[in-house]
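Dropping a structure here in structure tokens format, bear with me for questions.
The values are calculated or read from the model by the stated rules, or taken from the named source; none is laboratory data. Just so it is clear, the structure is predicted and the values come from calculations on it, not from any experiment. As a convention, Cβ positions derive from the backbone with ideal geometry for all residues, glycine included, and neighbour counts pool all protein chains shown.
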């Protein structure tokens, strides 16, 4: 499917609290935000389409939807996957239960029992075992297949995960098993999902894909029925999109679907503003996501979702349960805590007047005036200041302090959670935050960003235009993409570069053909090769861009190891995996320039409260600017509030913001 013909393109990011929309039509951008409908996510999407006046385009086939979905993520975190049978070789039925035998808390003498991914009754064994050199140890027999189908007829699963040892060397046995299974089953093969070594991680990815696949597939089919013939693309965890048919079979590749959209937009921003080093901070209603862009989006194959490792490529992002809807409470010791539990979209924060009574971070911002009562979330939702004060007042009474100091404490704790997350992806990986611009987006991020930059000593803050719906914008900016890999596992000095080129070419051809099948033109497709390297004896790898000069490649690995871990070793280097990333840019968006003219005046004056450590409160009468009215090069000096229909920026007294040509706010210290 080509994106050259349709009249309009709609990016949709379904979050835990709000669903965001960005419409690109006739070289103009429109934004919309409405509450999410977690039980039926497609209902919020249909609401947004109706509010944006796109119903006729659905009928006429003039709309393309690019969607970031949380269906797979929510199902994994809530444990609501399909009944899944796990098929492996004889003697390895408990592979996923044993795992890596690692402890989350090394010195905890009584750790809680871990969740068993697959009950023993749903783990089935067959022959077809392959050795590490690709030879057959135990063949798959007709009796194996007969017994397998009999067991499946008794267990009646909805899906099946097939994970045989060393299937990445020879997928034929897994393919044979799949061909002999019922067409009614959702089938996930490890040789297709993740053709790499490490049977546990490969098995988890294969099982997750099968466990989540039926729910994702049903959701996308229902959405397609609702949108009729409208083409739907889905954001993958790696920061590129794929069509709905492929996405419905690749649920495990969608676990960071929504947040990856924000990084796609941030990469575009990095290139536009010539800021190659960005720390991104995406704060929504339910959680906050932080990541590092150092020239390009960093991917990892060591991600996690809840308690489960996810070895498929995904954006290297750290997520914490601290969002605008994070609930504040007192623990058993009477200490104030914030998150990770969230009020979500329903009932939401107390100030939403939807039945929520517990204090949240958003309520704290309302009490302190940083989210003024005049604000209309999404352009329509009115805030209830009295409800916010009542919710926080209950905590304040127990603590024996003022409502304002309690609200300030809630924000300080939430900020500390976020700073800790930003340090994880910067300081703990050998990067100094002072070398990076802090890029803030998400509906709630602008209310906290100045405080975070002060703590981390970041020299510059960037609050992009459309920050409140930035992930939805990223859906439209992201390329079509395929990420492919294969385990080679050979000493780097023993590598035959000719054979390696052949293997890389085969991967590239596979990905290229898949993109062509989606209607992408051959001239749009580019390939990027890389390899996973480690010192011999190590279990974890570093991904290095491929180059023919093996000496230079080895030096690049030593340098990367030194940057990441602070040292290098005098050991041989092992080439573990080869990777190909196939990308095709399908839509070019140039953000419209903001108007020129005299500096815009504030639309009003708001009272913002700052509670001090001395137990006092300071009230500031600050100007409140409408962001859409700001002009090119206009400078706004803090303290001030700058807002639009989808987000608000609290510009503290030590910062000032300048508007660039495309409406991005560039913040620097006074």
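Scan region 563-575 and give yes if some residue there is in contact with a strand residue (DSSP E or B) (Cβ under 7 Å, 6 or more places away or on another chain) and without any contact (Cβ under 8 Å) to a residue 60 or more places away in the chain, otherwise no. If you could, list the steps in order and put the result at the bottom.
Step one: of region 563-575, the residues in contact with a strand residue (DSSP E or B) (Cβ under 7 Å, 6 or more places away or on another chain) are 564, 569, 571-575.
Of the ones still in play, those that are also without any contact (Cβ under 8 Å) to a residue 60 or more places away in the chain are 569, 571.
Yes, that holds for at least one residue.
Would you confirm whether or not region 300-307 contains a residue that is within 13 Å of the chain's Cα centre (by Cα) and without any contact (Cβ under 8 Å) to a residue 60 or more places away in the chain?
The first filter runs over region 300-307 and keeps only residues within 13 Å of the chain's Cα centre (by Cα), leaving 300, 303-305.
Adding the requirement that they be without any contact (Cβ under 8 Å) to a residue 60 or more places away in the chain leaves 300, 304.
Yes, some residue in region 300-307 is within 13 Å of the chain's Cα centre (by Cα) and without any contact (Cβ under 8 Å) to a residue 60 or more places away in the chain.
Checking the condition within 30 Å of residue 241 (Cα to Cα) and more than 28 Å from the chain's Cα centre (by Cα), which residue from 574, 601, 661 passes?
Sole residue among the options that is within 30 Å of residue 241 (Cα to Cα) and more than 28 Å from the chain's Cα centre (by Cα): 661.
Being closer than 17 Å to residue 528 by Cβ, at pLDDT 95 or above and touching a helix residue (DSSP H, G or I) at 6+ places or on another chain (Cβ under 8 Å) is the filter here; which residues of region 548-560 pass it?
Selection gives 553 alone.
Quick check on my filter: what residues within region 221-250 are assigned to a helix (DSSP H, G or I), touching a residue at least 24 places away in the same chain (Cβ under 8 Å) and either assigned by TED's automatic domain parsing to the domain that holds residue 159 or within 17 Å of residue 511 (Cβ to Cβ) (or both)?
Scanning region 221-250 gives 246, 247.
Provide a single number: the residues in region 178-198 that are part of a helix (DSSP H, G or I) and buried (at least 21 other Cβ atoms within 10 Å of the Cβ).
Going through region 178-198 one residue at a time, the tally reaches 3.
Shifting gears a bit: Every residue in region 487-521 that is under 26 Å from residue 541 (Cβ atoms), part of a helix (DSSP H, G or I) and either under 27 Å from the mean Cα position of the chain (by Cα) or assigned by TED's automatic domain parsing to the domain that holds residue 193 (or both), please. Before the answer, list the steps.
Our first condition is that a residue be under 26 Å from residue 541 (Cβ atoms); within region 487-521, this holds for 487-512, 514.
Checking the rest, the ones that are also part of a helix (DSSP H, G or I) come to 492-494, 497-512, 514.
Residues satisfying the conditions are 507, 508, 510, 511, 512, 514.
Is it true that some residue in region 174-189 is closer than 30 Å to residue 263 by Cα, in the same structural domain as residue 99 (by TED's automatic domain parsing) and touching a strand residue (DSSP E or B) at 6+ places or on another chain (Cβ under 7 Å)? Please lay out each step first, then the result.
Initially, region 174-189 is screened for residues closer than 30 Å to residue 263 by Cα, giving 188-189.
Filter again for in the same structural domain as residue 99 (by TED's automatic domain parsing), leaving 188-189.
Then drop every residue that is not touching a strand residue (DSSP E or B) at 6+ places or on another chain (Cβ under 7 Å), which leaves 188-189.
Looking for residues that are closer than 30 Å to residue 263 by Cα, in the same structural domain as residue 99 (by TED's automatic domain parsing) and touching a strand residue (DSSP E or B) at 6+ places or on another chain (Cβ under 7 Å), one finds at least one in region 174-189, hence yes.
Now a separate question. Can you find a residue in region 631-641 that is assigned to a strand (DSSP E or B) and either surrounded by fewer than 16 Cβ atoms within 10 Å (Cβ to Cβ) or at positive phi (or both)?
Looking for residues that are assigned to a strand (DSSP E or B) and either surrounded by fewer than 16 Cβ atoms within 10 Å (Cβ to Cβ) or at positive phi (or both), one finds at least one in region 631-641, hence yes.
Moving on to the next point. Only one of these is in contact (Cβ under 8 Å) with a residue 12 or more places away in the chain, in contact with a strand residue (DSSP E or B) (Cβ under 7 Å, 6 or more places away or on another chain) and either surrounded by fewer than 19 Cβ atoms within 10 Å (Cβ to Cβ) or part of a strand (DSSP E or B) (or both): 473, 484. Name it.
484
Then there is this: Could you tell me whether any residue of region 609-616 is buried (at least 19 other Cβ atoms within 10 Å of the Cβ), touching a strand residue (DSSP E or B) at 6+ places or on another chain (Cβ under 9 Å) and at negative phi?
yes
Just to be sure before I move on: is residue 210 touching a strand residue (DSSP E or B) at 6+ places or on another chain (Cβ under 7 Å), buried (at least 23 other Cβ atoms within 10 Å of the Cβ), modelled with pLDDT of 95 or more and in a helix (DSSP H, G or I) in the structure I sent?
When the stated conditions are applied, residue 210 passes them.
Right, next: If only one of 280, 286 is outside any strand (DSSP E or B) and surrounded by 24 or more Cβ atoms within 10 Å (Cβ to Cβ), which one is it?
286
Just one of 63, 23, 77, 46 is touching a helix residue (DSSP H, G or I) at 6+ places or on another chain (Cβ under 7 Å) and either free of Cβ contacts under 8 Å to residues at least 40 places away in the same chain or surrounded by fewer than 19 Cβ atoms within 10 Å (Cβ to Cβ) (or both); which is it?
46
Shifting gears a bit: Does residue 651 satisfy the criteria of being within 18 Å of residue 454 (Cβ to Cβ), touching a residue at least 60 places away in the same chain (Cβ under 8 Å) and buried (at least 22 other Cβ atoms within 10 Å of the Cβ)?
The answer is yes for residue 651.
Go through the residues of region 155-170 one by one and say whether even a single one is outside any loop (DSSP other than H, G, I, E, B) and free of Cβ contacts under 8 Å to residues at least 40 places away in the same chain.
No, region 155-170 has no match at all.
Right, here's the next one. For region 363-386, which positions are more than 17 Å from residue 644 (Cβ to Cβ) and touching a residue at least 24 places away in the same chain (Cβ under 8 Å)?
363, 364, 367, 368, 369, 384, 385 - these are the residues of region 363-386 that are more than 17 Å from residue 644 (Cβ to Cβ) and touching a residue at least 24 places away in the same chain (Cβ under 8 Å).
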